[in-house]
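Data block below; observations after.
The values are calculated or read from the model by the stated rules, or taken from the named source; none is laboratory data. Computed from a predicted structure; not experimentally measured. With ideal geometry, Cβ positions are generated from the backbone for all residues, glycine too; neighbour counts draw on all protein chains shown. Just the protein is used for accessible areas: all its heavy atoms, side chains included, with ligands, DNA and RNA removed. Shrake-Rupley method; radii C 1.70, N 1.55, O 1.52, S 1.80 Å.
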Amino acid sequence: MPRAAVCTALRQPLLVQDLGLGAPRPGEIAVRLLASGVCASDVSVLEGDLPSPLPIVLGHEGAGVVTEVGEGVTTLAVGDHVVVTAMPQCGTCWRCRRGQPSLCEVADGVLFSGALRDGTSRFTAAGGASVAQMVAAGTFAEEVVVSAISAVRIPADVDAGPAALLGCGVLTGFGAAVNAATIGPGRTVCVIGCGSVGLAAVQGARLAGAEEIIAVDLVPAKLDLALTVGATAAVPAGDDVVDQVRKATGGRGVDVTLECVGAQVTVNQAIAATAKGGEVIFVGAGGADVRVDVPQFRGLVGCAKTFRGVLFGAADIQRDVPRIVDAYRAGRFELDRLVTRTYRLDEINDALTALGGPDVVSAVVDLT
């Protein structure tokens with residue numbers, strides 16, 4: 001029976017307990033998890049901001065080894081090292097076929113249901129009661145069963161701790177820069193928010209050829225890290241962010257702003273810091289009260305700005321996870337530095353509390 005961290009009540013500590021785990025059904029795989037990332041979305045479920053049934057095993061980005069495959073699975077085999085992602089992508093629905101796998105209809109049907117594709121979870125509590133799985137994953141566990149379309153094979157020599165971040169945060173930031181934004185040689189970019197998502201966006205912008213990358217954050221250590229991984233300038237978050245960004249670009253503003261926070265103040269700053277004809281890419285998950293509100297002509301048509309909301313980095317997991325892994329192994333993408341704290345499963349509540357603090361860019365749970 002695997003141990004798992006279970007949310008049994010909102011805004012209460014997770015309980016680490018033994019759970020039953022069913023065998024994989026058709027189209028599913030069992031994974032012995034070696035590590036799980038800890039993401040702000042886990043906190044959002046715990047706080048009730050993201051709808052999910054209770055009780056539920058949290059966690060939605062992990063890395064491990066396949067231990068069993070269900071009927072019909074041909075893309076993965078026992079012994080494969082995999083990343084478990086936050087987004088199952090079928091590859092066959094009309095959205096996947098038109099190049100929008102981050103909007104996959106299969107994912108639409110399961111993300112907030114707490115279940116896998118057949119409407120059930122594989123976790124059970126004592127007595128047989130079902131325990132839900134966050135976004136068809138549930139990676140705060142020693143073992144898990146997920147849909148094969150949620151997993152991506154990676155080389156066995158890639159460390160599971162950094163690899164776990166590829167399941168959500170890093171993939172989201174990287175994808176926002178390389179899939180959603182128009183970034184290339186000569187372009188200027190601003191990244192607001194330098195957590196794991198923002199730092200991945202900085203690196204994606206660098207790999208895409210951006211000439212200038214201005215990083216914005218409240219925490220000096222995160223700005224220092226942004227400069228290490230590719231930013232060309234760092235601006236402390238505050239009331240004068242827009243002035244500082246415009247000053248750094250000769251008064252015109254940047255070609256692309258990637259807003260990776262989701263707060264009203266940073267949304268407004270992202271719009272104002274972007275030059276005429278530029279793009280504002282909204283990556284952060286804002287609350288229900290956060291609005292994009294500009295005058296139709298003066299704020300949009302008259303300045304020819306493009307606003308784009310991006311879910312999960314517009315990523316194709318089977319394409320983009322290997323792209324990042326290849327860049328990481330070649331020394332062109334930094335993952336190791338993003339893991340600033342590692343916890344054991346019994347310390348999961350400490351990890352959730354520390355997340356977003358000045359000392360933590362990304363936290364990882366070691367499940368070995």
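Results, tabulated for the structure shown:
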| read-out | value |
| --- | --- |
| Top-ranked residue of the stretch 1-15 - restricted to ones that are open to solvent by 70 Å² or more (accessible area, probe 1.4 Å) and part of a strand (DSSP E or B), ranked as farthest from THR139 (Cα to Cα) | LEU15 |
| Residues being within 19 Å of THR67 (Cα to Cα) and open to solvent by 30 Å² or more (accessible area, probe 1.4 Å) - total across the stretch 28-50 | 2 |
| Output for the stretch 339-356, where each listed residue is in contact with a Ser or Thr (Cβ under 9 Å, 6 or more places away or on another chain) and part of a strand (DSSP E or B) | VAL339, THR340, ARG341 |
| Condition met for THR274 (surrounded by 15 or more Cβ atoms within 10 Å (Cβ to Cβ), hydroxyl-bearing (Ser, Thr, Tyr) and more than 21 Å from the chain's Cα centre (by Cα)) | yes |
| Per-region count, the stretch 217-245, residues part of a helix (DSSP H, G or I), open to solvent by 70 Å² or more (accessible area, probe 1.4 Å) and not polar (S, T, N, Q) | 4 |
| Flag for ASP80 being touching a Lys or Arg at 6+ places or on another chain (Cβ under 6 Å), open to solvent by less than 50 Å² (accessible area, probe 1.4 Å), in contact (Cβ under 8 Å) with a residue 40 or more places away in the chain and within 18 Å of GLY167 (Cβ to Cβ) | yes |
| Qualifying residues in the stretch 277-290 (those that are at pLDDT 95 or above and either among the small types (Gly, Ala, Ser) or farther than 17 Å from VAL242 by Cα (or both)) - the one surrounded by the most Cβ atoms within 10 Å (Cβ to Cβ) | VAL283 |
| Matching option when the condition is in contact with a Gly (Cβ under 6 Å, 6 or more places away or on another chain), assigned to a loop (DSSP other than H, G, I, E, B), more than 22 Å from ALA86 (Cβ to Cβ) and open to solvent by less than 20 Å² (accessible area, probe 1.4 Å), among GLY262, GLY184 | GLY184 |
| Verdict on VAL69 being over 18 Å from CYS168 (Cβ atoms), open to solvent by less than 60 Å² (accessible area, probe 1.4 Å), hydrophobic (A, V, I, L, M, F, W, C) and in contact with a strand residue (DSSP E or B) (Cβ under 8 Å, 6 or more places away or on another chain) | yes |
| Output for the stretch 43-63, where each listed residue is within 24 Å of ALA314 (Cα to Cα) and not in a helix (DSSP H, G or I) | ASP49, LEU50, PRO51, SER52, LEU58, GLY59, HIS60, GLU61, GLY62, ALA63 |
| Check on ALA125, within 19 Å of LEU58 (Cα to Cα) and open to solvent by less than 10 Å² (accessible area, probe 1.4 Å) | no |
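A quick yes/no check of all residues on (1) of a type in the set (S, T, N, Q); (2) under 16 Å from the mean Cα position of the chain (by Cα):
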site: MET87; (1), (2): no, yes
site: ARG95; (1), (2): no, no
site: ARG98; (1), (2): no, no
site: VAL106; (1), (2): no, no
site: ARG122; (1), (2): no, no
site: ALA125; (1), (2): no, no
site: SER130; (1), (2): yes, no
site: ALA136; (1), (2): no, yes
